[in-house]
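Heads up: the structure comes next, in C-alpha cells.
The values are calculated or read from the model by the stated rules, or taken from the named source; none is laboratory data. The shown structure was predicted, so the numbers you read here are calculated from the model rather than taken from an experiment. Here the Cβ positions follow ideal geometry from the backbone for every residue, glycine too, while neighbour counts run over all protein chains shown.
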Amino acid sequence: MRIRCIACDVLARPVYLAAAQSPHVVDVVLERFGLHITPKKLRQTLQAHIHAADEVGGYDAVVLAYGLCGQAAQGLQAGTVPLVIPRAHDCITLFLGGRGRYDREFSACPGTYWYVQDFVERGDSETTSLSIGAFTAGDAEAVYAEYVEKYGADNAAYLMEVMQAWQEHYERAAFIELGVGEGQNALAYAGEIARRRGWRFERLVGDLALISRLLNGDWADDFLILQPGQFIEATGDEEVMQAK
C-alpha cells in the first residue's frame, strides 16, 4: 500500500520514525503548527493537500496526523481514495497514545501548557505563545456557532466562558518525552519557562501507538475512515467525528 501522510510539524520526528518503520510506502508532507491560529486557513490548506494527492495519483489512502484541531478538520472531504484521521480533539491525544489517557490528564489538570520536542525546536514568533492542544482565539467563532446550534445561546455563552476560564489559569507545564532524538535542550527550555511563570513542571512518557497505527494501516477503532467524497463532521461526543 502507498500512503500519503499530511502531518503537523509538531509531529515531525514521530511521524518520520513511524513512516520509516511502516510496512507500507509512506510519503510525508508537513505543515507548520502556526496554521492552527486560523482554523479556516488550516482547513483550506489540508484540503489542498488532499486534492494534490489525487493529482499526483498512485496512493491507496491519505492519512492526516491531526485531530479535530479547533474544528479545522470539520468539513474536510476525502478525494478519490479513502481519507483516514484519528478520532482525536487535538495532537495531545496522539502524543499520549489514546483518548483514555488524554481524558485522564485533562480531568486531573485542565490548565496544562503542553510541550514536545518538535514544538520547541520548530516554534517561531507566531507560535511560541501558543500551547499545543490549546483552544485559540481563532477557534472561538466556529465553536460558539456550533454550541448555539446544539445547546442554545445561553448555554453556548456559559460553555465558552468555562473554556476560556481554564486557559487563563495555567498551573502546569508538561513535557511529553517521545524518545525520538536528543530532546534535552527542549526539555530544559520547557522547564525554564515553567519556572519563570510559576507553573508546576512535569515530564510525561509519550506513547507513539496511535501514530504508528496510522501509518501502518491499522485503522480499527480509534480512526475515522472516510470513503471517497465523504466529509468529516464533528459529533460533540466521545466519537469526536464521523463521516457525512
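Summary table
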| item | result |
| --- | --- |
| Test: residue in region 208-215 that is surrounded by 13 or more Cβ atoms within 10 Å (Cβ to Cβ), at pLDDT 95 or above, touching a His at 6+ places or on another chain (Cβ under 9 Å) and small (Gly, Ala, Ser) | no |
| Unmet requirement for Arg200, which otherwise passes all of (1) crowded, with 17+ Cβ neighbours inside 10 Å; (2) more than 30 Å from Asp60 (Cβ to Cβ); (3) modelled with pLDDT of 90 or more | (1) |
| Single unsatisfied condition, Thr80 versus (1) of a type in the set (Val, Ile, Thr); (2) crowded, with 23+ Cβ neighbours inside 10 Å; (3) in contact with a Gly (Cβ under 9 Å, 6 or more places away or on another chain) | (2) |
| Glu161 being modelled with pLDDT under 85, at negative phi and assigned to a helix (DSSP H, G or I) | yes |
| Residue in region 90-121 that is modelled with the highest pLDDT, counting only those that are surrounded by fewer than 17 Cβ atoms within 10 Å (Cβ to Cβ) and either aliphatic (A, V, I, L, M) or touching an Asp or Glu at 6+ places or on another chain (Cβ under 8 Å) (or both) | Arg101 |
| Some residue of region 137-151 being modelled with pLDDT of 80 or more and of a type in the set (Lys, Arg) | no |
| Pairs with Cβ under 6 Å, 6+ apart, first in region 19-39 and farther than 16 Å from Cys69 by Cβ and free of Cβ contacts under 8 Å to residues at least 24 places away in the same chain, second of a type in the set (Gly, Ala, Ser) and surrounded by 15 or more Cβ atoms within 10 Å (Cβ to Cβ) | Val28/Ala19 |
